[in-house]
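Working notes, structure below.
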Amino acid sequence: MTRLALRQPPPFRLSLLGLIPERLAGLSDAEIARLPLQQGNRRGVVGDCFTVSGDGAGERLVIAGGGERLDDVGAFMSRGEILVEGDVGARAGLAMSGGRLIVQGAAGAGAATAMSGGELRIGGDAGEGLGGALPGERSGMSGGLVAVAGSAASGAGDRLRRGLIAIAGAVGPGCGTRMHAGTIVVGGRLDAFAGAAMRRGSILGLGGCAELLPGFAESGIHDLVFQRLLARLLERSGLAELAQRLRPLRRWQGDLAIDGKGEILTAP
């Protein structure tokens, strides 16, 4: 295990790009301390901001003293585990393809951007653009699990292609816009413009929703096989509280404005 302890809250943003378990395994504390670290608009080394300790064995990284200025935590991670004892900044889990990233606090904008596999757990709230796409790309998150214990800001699951996003609290406007497939489960309330221009996929608003767009047509109250399968997946993922709320739900099909075949399921 390797442990990076932040010496003090940084006066500028830090990009932890490249500080992932698979690259740190086998390195000594001194070697890790000499690795490059982007500090605002200048280059430095890890040892400038962090105290490094550990045995270099295994593929586990602990970051102590997190904060909203720690960006790119877990970016491009493909295996191993990262535990952050606090908050993180922007783009946590960027292009993550495997492994496990656990953030005990909140996450900034762009968490799970272009994620294709693995598991991201956020103990607090998530910023805007959760599970979204890289600039210029047509697809966002394409696999894996994202679990948020708090709420999420606007644009959660925009352009979602595959995978599961589970949010215990409410979400901001534009949840699941332009979805291609995948599943978003929201324990709180869906805000405006949910599912706009979605083609396929499922959005579950267990706490109700604001007025849906006119491109969604109601198709009654259902207890679908999909709901029971999803409940099992949530239970296996440690999200039993959400799983227990997958009772019969009201189904809306859309977005018919683009001939979409997606669905939004809400509490009756």
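Within the range 118-147, being under 16 Å from Glu68 (Cβ atoms) and not in a loop (DSSP other than H, G, I, E, B) holds for Ile122, Ala126. The residues of the range 193-213 that are touching a strand residue (DSSP E or B) at 6+ places or on another chain (Cβ under 9 Å) and surrounded by fewer than 18 Cβ atoms within 10 Å (Cβ to Cβ), listed by number, are Arg199, Arg200, Gly207, Gly208, Ala210. For the range 241-268, taking the residues that are assigned to a helix (DSSP H, G or I) and within 25 Å of the chain's Cα centre (by Cα), the one that is surrounded by the fewest Cβ atoms within 10 Å (Cβ to Cβ) is identified as Glu241. Considering the range 30-52 alone, what residues qualify as being within 17 Å of Ala64 (Cα to Cα) and open to solvent by less than 40 Å² (accessible area, probe 1.4 Å)? Once the filter is applied, which keeps residues that are within 17 Å of Ala64 (Cα to Cα) and open to solvent by less than 40 Å² (accessible area, probe 1.4 Å), the range 30-52 yields Ile32, Ala33, Leu37, Val46, Gly47, Cys49, Phe50, Val52.
Within the range 30-54, the set of residues being touching a helix residue (DSSP H, G or I) at 6+ places or on another chain (Cβ under 9 Å) and in a loop (DSSP other than H, G, I, E, B) comprises Arg34, Leu35. Select from the range 55-77 the residues that are outside any strand (DSSP E or B) and under 15 Å from the mean Cα position of the chain (by Cα) and write down the one among them that is surrounded by the fewest Cβ atoms within 10 Å (Cβ to Cβ). Step by step, filter the range 55-77, then rank; the result is Phe76.
On the stretch given as the range 8-29, residues that are part of a helix (DSSP H, G or I) and either open to solvent by 50 Å² or more (accessible area, probe 1.4 Å) or β-branched (Val, Ile, Thr) (or both) total 2. Contact map, the range 237-249: first residue within 16 Å of Gly205 (Cβ to Cβ), second residue part of a loop (DSSP other than H, G, I, E, B) and open to solvent by 60 Å² or more (accessible area, probe 1.4 Å), Cβ cut-off under 8 Å, separation 6 or more or different chains; pairs are Arg247/Asp223; Pro248/Asp223; Pro248/Pro268; Leu249/Asp223; Leu249/Pro268.
To keep it simple, each residue is scored yes or no on (1) within 17 Å of Leu249 (Cβ to Cβ); (2) not in a loop (DSSP other than H, G, I, E, B).
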site: Gly169; (1), (2): no, no
site: Gly176; (1), (2): yes, no
site: His180; (1), (2): no, no
site: Gly188; (1), (2): yes, no
site: Phe193; (1), (2): no, no
site: Arg199; (1), (2): no, no
site: Leu204; (1), (2): yes, yes
site: Glu211; (1), (2): no, no
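Screening Arg232 against (1) open to solvent by 30 Å² or more (accessible area, probe 1.4 Å); (2) in contact (Cβ under 8 Å) with a residue 12 or more places away in the chain; (3) assigned to a helix (DSSP H, G or I) leaves a single unmet condition, (2). Only one entry in Ser202, Ser219 is hydroxyl-bearing (Ser, Thr, Tyr) and free of Cβ contacts under 8 Å to residues at least 40 places away in the same chain, namely Ser219. Is it the case that some residue within the range 63-73 is out of contact with any helix residue (DSSP H, G or I) (no Cβ under 6 Å at 6 or more places or on another chain) and among the β-branched types (Val, Ile, Thr)? So far as the range 63-73 goes, yes, one or more of its residues are out of contact with any helix residue (DSSP H, G or I) (no Cβ under 6 Å at 6 or more places or on another chain) and among the β-branched types (Val, Ile, Thr). Screening the range 93-118 for residues that are open to solvent by 10 Å² or more (accessible area, probe 1.4 Å) and touching a Phe, Trp or Tyr at 6+ places or on another chain (Cβ under 8 Å) and picking the one that is nearest to Ala149 (Cα to Cα) gives Leu94.
The values are calculated or read from the model by the stated rules, or taken from the named source; none is laboratory data. Note that this is a predicted model, so its numbers are computed, not measured. When we count neighbours, we look across all protein chains shown, and the Cβ atoms used for this are built from the backbone with ideal geometry, even at glycine. Only protein heavy atoms, including side chains, enter the accessible area calculation; ligands, DNA and RNA are left aside. Shrake-Rupley method; radii C 1.70, N 1.55, O 1.52, S 1.80 Å.
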